[in-house]
Amino acid sequence: MELSKAGLIAHNKFRAWHGSPPLIWSKELTEKAEEIATELTNKETSQLLSDLPGFEVTGENIAKIWHGFETAPLKATEEWYGEVKEYNFQNPKITDVTKHFTQMVWKNSKRFGMAAERTREGQYTIVVALYDPPGNSKGDLIENVLIPKSVNDARILEDKDMNIMNPDS
């Protein structure tokens, strides 16, 4: 759980650069992310989340990280944010190359849960992040994926600045 909260801190740092409010930690979404990560680590092949038992629509990002279980949530967050270099703020579109980034900084997403599970062989870690309400609605891109501030102007968030322990309402 602490590893995943490090992912939340990194998410909120990147979101602040884009003028998006901090995400609030959700125990409910974290438990669902844990179930999905466990299910995915037990599968031989990739499968759609919508095919998993009990799946409900939420925004999601999934990464498969080579080794490094202890740093996997941070690595996944950095990978997803790295898609920003492919995103065109003057001609915004959600694509397969930018959809993780856009979900991550989606201004209207409020709640967040994250989990990481090692694969059976232990070589990879599956990281699942869930967001509610979900992002990546094509008609709302301009209002929800904002041009980043310069890194020098960014306010680096600390644990005390975020309400990460709020229980679900």
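The values are calculated or read from the model by the stated rules, or taken from the named source; none is laboratory data. Just so it is clear, the structure is predicted and the values come from calculations on it, not from any experiment. We place every Cβ from the backbone using ideal geometry, glycine too, and count neighbours over all the protein chains shown. Areas reflect the complete protein model, heavy atoms only, side chains present, ligands, DNA and RNA absent. Shrake-Rupley method; radii C 1.70, N 1.55, O 1.52, S 1.80 Å.
Being part of a loop (DSSP other than H, G, I, E, B), over 12 Å from the mean Cα position of the chain (by Cα) and either under 28 Å from Thr119 (Cα atoms) or free of Cβ contacts under 8 Å to residues at least 60 places away in the same chain (or both) is the filter here; which residues of the range 5-36 pass it? The answer is Ser26, and nothing else.
Yes/no per residue for (1) surrounded by 22 or more Cβ atoms within 10 Å (Cβ to Cβ); (2) touching a His at 6+ places or on another chain (Cβ under 7 Å); (3) modelled with pLDDT under 50:
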position: Arg118; (1), (2), (3): no, no, no
position: Tyr124; (1), (2), (3): no, no, no
position: Leu130; (1), (2), (3): yes, no, no
position: Ile142; (1), (2), (3): no, no, no
position: Val151; (1), (2), (3): no, no, yes
position: Arg155; (1), (2), (3): no, no, yes
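Screening Asn108 with (1) in contact (Cβ under 8 Å) with a residue 40 or more places away in the chain; (2) assigned to a loop (DSSP other than H, G, I, E, B) gives one miss only, at (1).
Tell me, yes or no, whether the range 73-96 has at least one residue that is open to solvent by less than 80 Å² (accessible area, probe 1.4 Å), within 20 Å of Glu2 (Cα to Cα), of a type in the set (Gly, Ala, Ser) and at pLDDT 95 or above. Scanning the range 73-96, I find at least one residue that is open to solvent by less than 80 Å² (accessible area, probe 1.4 Å), within 20 Å of Glu2 (Cα to Cα), of a type in the set (Gly, Ala, Ser) and at pLDDT 95 or above, so the answer is yes. Restricting to the range 61-70, and then to whatever is open to solvent by less than 60 Å² (accessible area, probe 1.4 Å) and outside any strand (DSSP E or B), can you tell me which residue is farthest from Thr125 (Cα to Cα)? The qualifying residue farthest from Thr125 (Cα to Cα) is Gly68.
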